[in-house]
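Scroll down for the structure; my scribbles are underneath it.
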Amino acid sequence: MRKLAILFLVMMMCGCSNQSKQEESKKTVYKDGTYTTTAVGYGGEFQVETTMKDDKIVDVLVKEHNETPSIGGVALEQMITSMKKENKYDVDTISGATKTSQALKDAVKEAMENAKNTSK
């Protein structure tokens, strides 16, 4: 009878630790929301809104900017597509639009840092 009671206690303890592992795996790296940051590109300053949901970059929106439409504007579009697809800010820069590319990367990086889930 005593062995049975000990076995029961051991099984209960294993069940509890498994539950805490499941709860731990549900924690997210980033808080959902839209984060606004500022970038300084070739044409000057512009705002970037990065939307995070379920630990993914779901949207990056560049507000009004003064980048050259055929160079910086195209670079922004291409990089935003890559960032959303790869779910990271550190994507390839676009040749000919290095300053614009780096500005966007820095802005999205800052947004992701601001979105980090610090709750334990």
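Nothing in this text is a laboratory measurement; each read-out follows from the coordinates by a stated rule. Predicted model, so just to flag it, every value in this text is computed and none were measured. With ideal geometry, Cβ positions are generated from the backbone for all residues, glycine too; neighbour counts draw on all protein chains shown.
Scanning segment 58-85 for residues that are touching a residue at least 12 places away in the same chain (Cβ under 8 Å) and among the hydroxyl-bearing types (Ser, Thr, Tyr) yields one hit, THR68. Only residues that are over 14 Å from the mean Cα position of the chain (by Cα) and surrounded by fewer than 17 Cβ atoms within 10 Å (Cβ to Cβ) were counted in segment 44-60, giving 3. Within segment 53-65, the only residue that satisfies the criterion of being of a type in the set (A, V, I, L, M, F, W, C) and in contact with an Asp or Glu (Cβ under 6 Å, 6 or more places away or on another chain) is LEU61.
For segment 102-120, name all the residues that are under 13 Å from THR38 (Cβ atoms) and among the polar types (S, T, N, Q). Result: ASN114, single match.
Within segment 86-113, the set of residues being under 24 Å from VAL29 (Cβ atoms), of a type in the set (Val, Ile, Thr) and touching a residue at least 40 places away in the same chain (Cβ under 8 Å) comprises just one member, VAL108.
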